[in-house]
Amino acid sequence: MFKIVSTNAKRRCGVFTAANIAFFAIFVFIFTLLFICTSCKSAQNSEGLIAPPTLPNSQSQATGYPVIQNTQNPTETGAPTETAVPTSFPTTEPGMPDKLGLYIAENGERTFVDKFSSKWAEGQNIDCFEVLASDEESLSGKFGELWESTWNNFSNTKNVKIGYKLEIHLFSGETFSFDIKNPKDAMQYKEYIEVYLYDDIHVSGWYSHLEEDDMKDETIMTSIKLTATPKQNEINKIHLTAYFYTTDMPQRNIASYEIDVINDISEN
């Protein structure tokens, strides 16, 4: 007996297989859409906005945003910059002189100067100001004796020296300032003011102002003399500061005193 195979059956088999493939493709497409929608929702916050990307902790601040490093000019990028720590100096040691005054000598008396005004004349001395470790209004005696009696009130004076600072204030509004710790420093702005320094302690007989070659370990500049120059009419005043410092830490002032040396042009 012969078996007859219908060609229609073969066609039905072929149509069924294509339908299955189409259905599977549609199912995969729908599943993919659902997966994508679910992923989008997980990346949104409660307001429906896309959240910023999460960065590793090693590159992030507390906010989750990266720290921008700029070693050349951090302010241009908006990155945080370190606050500079101001320089500080240790407090002075016990026994160091904490009193300082400027005095003018006249007839064996030394008067404490709190203000000074005089007529200036070209080539003439304005005055000589002496430094003592005292704030007494007046002192009597020779400078050497007064120095010893006031200086010896302090036990820790081995490395202590005297420095000066001058601020030249012109009538034009300009100001020049300079620090003096040796005779060479005193040569600055000499066209406006001549400055002479003296060691009134380590001397005998007549003596002159200090030169750079005169500076020794024991030298101490105990007085400063100001002399007017041809430009004296341009100067309103000189702000003079005397201060104690130590050779091991010259930037630290132990004690200081300052006055205005005024050019009284009303008397000219």
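The range 99-113 to the range 184-233: how many Å between their Cα centroids?
18 Å
Cross-link candidates for Lys231: which aspartates and glutamates have Cα within less than 20 Å, leaving aside residues fewer than 8 places away along the same chain?
Those aspartates and glutamates meeting the cut-off are Glu122, Asp127, Glu167, Glu174, Asp185, Glu191, Glu194, Asp260, Asp264, Glu267.
Local charge sum around Met215 (other residues, Cβ-Cβ under 14 Å, Lys/Arg +1, Asp/Glu -1)?
-4
Summing +1 for each Lys or Arg and -1 for each Asp or Glu, what net charge is found among the other residues whose Cβ lies under 13 Å from the Cβ of Lys231? All intermediate terms of the calculation are to be shown ahead of the outcome.
On the way: positive: Lys190; negative: Glu122, Glu174, Glu191, Glu194, Glu234.
Value of the local net charge: -4.
Run the reach check for Lys216 against lysines, Cα to Cα strictly under 27 Å, same-chain hits fewer than 8 apart removed. What comes back?
The qualifying lysines are Lys99, Lys142, Lys158, Lys161, Lys165, Lys181, Lys184, Lys190, Lys225.
Between Glu212 and Glu174, what's the calculated FRET efficiency when r is the beta-carbon distance and R0 is 22 Å? Round to 0.05.
Plugging the Cβ-Cβ distance into 1/(1 + (r/R0)^6) gives 0.20.
The numbers here are math on the coordinates, done by the rules we state, and not lab data. Just so we're clear, the structure is a prediction, and the values are computed from it rather than from any experiment. So basically every Cβ, Gly included, is an ideal-geometry build from the backbone, and we count neighbours across all protein chains shown.
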